[in-house]
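Structure record follows, encoded as structure tokens.
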Amino acid sequence: MSATATSQRVFNFSAGPAVMPVSVLRELQEELIEFPGAGSSLMELSHRGQVFVDVLHDAQDTIRSLYGISDDYEVLFLQGGAALQFSMIPANLIRGNDKTAQYLVTGSWGKKAVGEARKEGKVEVLYDAKESGYNHVPSSGDYAASDDAAYLYYCSNETIQGVQFAEEPSCPAGVPLICDASSDILSRPLDIKKYGLLYACAQKNAGPAGVTVVIIRKDLLDHAPDNLAGYLTYKNHAENDSEWNTPPTFAIWALGKVAHWLADDIGGLEAMQKLNERKAKLLYDSIDANSGFYAGHARRDCRSRMNVTFNLPSDELLNKFVKEAATHDLASLKGHRSIGGIRASIYNAMPIEGAETLAKFMNDFAAKNG
Ligand SMILES: *Cc1c(COP(=O)(O)O)cnc(C)c1O
């Protein structure tokens, strides 16, 4: 049965919700009706029962060990997607106080985060790459964060434009660095000690929609104003082990399986990073080899390893590209409506064969139509 299902699967380049490891989907399928030993589906069990609590802790522990996260941090599983974090972060850290939050804006998601933060308190945009059409990230000399800021916020990988920070932006000691890692979480090793808070919705690179991972340094739990809504207060989630209210049990279960796949099948984040670099190189090499035909969106030194964005000489060729790609089982390649073009999202679970097939298709298409 699963063999048939797999043979019908296409290479899915969707930006999110996005491709998941087949082995994880298969395990979920096998365990869906009766969770091993539990007599019920996990979805039918109390979130406070031992079976689910073990699943929750296992998912937290696996993420902790992948990144090497110390006890100074909480790993929370929340709802509301990445979008709720746009509000929750400033609501906890600048609402009702005099501090200023500083933002680096390198694409659509950073811009949205600024809009929500302004509703909560004082915000300063230190750098905005808008004039370049969001094709790059700043280098440390391009902005100066002040050392009394509430935090410095950035988005490590702008999913729509396909630009990525190769490393953390410079941030004064004592200022918490806050990162939206929604589209590159668990794609490479990180030194979590550099961050005050790092978060990601799961549905790009870590599992199904419905759960958001928030890795938060414990000292940041104490800044929320007293009148802040209970759900919005990080401390409530930390003190109740992500069970202040009913957590998204299915999504957490699947997230834990993806984390195990990374640890056990892939061999950890360094191995994952190498694979991701190989996949990205295949596609960027094809763009560069056909540079009169394909126009990459991101500046070379800021190219995303997760979302490869480029355009074709005309809308006609773009539509033809998408249509013909589909006949090669290459799906969901159309770029975001705001910037057009092609976007190939090659998250962790995209097999290398997907990138190879797409690169070959790109070369053939350029040769025929260039
Ligand atoms: C998808 C995405 C978001 C929004 O996620 P939701 O879960 O839909 O709120 C925010 N930031 C980045 C970088 C994203 O890729």
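The values are calculated or read from the model by the stated rules, or taken from the named source; none is laboratory data. What you see is a predicted model; the values in this text were computed from it and never measured. When we count neighbours, we look across all protein chains shown, and the Cβ atoms used for this are built from the backbone with ideal geometry, even at glycine. In case anyone asks, the SASA skips ligands and DNA or RNA and just uses the protein heavy atoms, side chains included. Shrake-Rupley method; radii C 1.70, N 1.55, O 1.52, S 1.80 Å.
Structure above, values below:
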read-out	value
Selection from region 196-217 of residues that are part of a loop (DSSP other than H, G, I, E, B), within 14 Å of the ligand (Cβ to nearest atom) and either out of contact with any Asp or Glu (no Cβ under 7 Å at 6 or more places or on another chain) or of a type in the set (Phe, Trp, Tyr) (or both)	Ala202, Gln203, Lys204, Ala206, Gly207, Pro208, Ala209, Gly210, Val211
Region 125-158 - residue that is in contact with a His (Cβ under 8 Å, 6 or more places away or on another chain) and not hydrophobic (A, V, I, L, M, F, W, C) and, of those, surrounded by the fewest Cβ atoms within 10 Å (Cβ to Cβ)	Gly133
Any pair with Cβ under 7 angstrom, 6 or more apart, that starts in region 151-173 at a residue that is among the aliphatic types (A, V, I, L, M) and ends at one that is within 11 Å of the ligand (Cβ to nearest atom)	Ile160/Gly107; Ile160/Ser108; Ile160/His336; Val163/Thr106; Val163/Gly107; Val163/Ser304
When residues of region 129-160 are limited to those that are within 16 Å of the ligand (Cβ to nearest atom) and farther than 23 Å from Leu186 by Cα, the one farthest from the chain's Cα centre (by Cα)	Ala129
All positions within region 105-124 that are more than 13 Å from the ligand (Cβ to nearest atom) and surrounded by 17 or more Cβ atoms within 10 Å (Cβ to Cβ)	Ala117, Glu120, Gly121, Val123
Which numbered condition Leu186 fails, given (1) within 11 Å of the ligand (Cβ to nearest atom); (2) at positive phi	(1)
Residue list for region 161-183, restricted to those being away from the ligand (no atom under 12 Å from the Cβ) and assigned to a strand (DSSP E or B)	Leu177, Ile178
Residues that are open to solvent by 40 Å² or more (accessible area, probe 1.4 Å) and within 16 Å of the ligand (Cβ to nearest atom), drawn from region 57-88	Gln79, Gly80, Ala83, Leu84
Conditions (1) within 16 Å of the ligand (Cβ to nearest atom); (2) under 30 Å from Val123 (Cα atoms); (3) among the hydrophobic types (A, V, I, L, M, F, W, C): number failed by Phe13	(2)
Evaluation of Tyr127 against (1) modelled with pLDDT of 95 or more; (2) under 27 Å from Arg95 (Cα atoms); (3) assigned to a loop (DSSP other than H, G, I, E, B) (one fails), failing number	(3)
Selection within region 11-20 - assigned to a loop (DSSP other than H, G, I, E, B) and either open to solvent by 50 Å² or more (accessible area, probe 1.4 Å) or out of contact with any Cys (no Cβ under 9 Å at 6 or more places or on another chain) (or both)	Phe13, Ser14, Ala15, Pro17, Ala18, Val19, Met20
Qualifying position, being assigned by TED's automatic domain parsing to the domain that holds Ser46, more than 16 Å from the ligand (Cβ to nearest atom), assigned to a helix (DSSP H, G or I) and not small (Gly, Ala, Ser), among Leu220, Leu228, Leu282, Leu275	Leu220
Region 331-354, subset surrounded by fewer than 22 Cβ atoms within 10 Å (Cβ to Cβ) and aliphatic (A, V, I, L, M), residue farthest from Ala280 (Cα to Cα)	Ile339
Enumeration of residues in region 231-254 that are over 23 Å from the mean Cα position of the chain (by Cα) and in a helix (DSSP H, G or I)	Lys235, Asn236, Glu239
Residue match in region 78-96 (condition: in the same structural domain as Pro169 (by TED's automatic domain parsing) and farther than 26 Å from Leu190 by Cβ)	yes
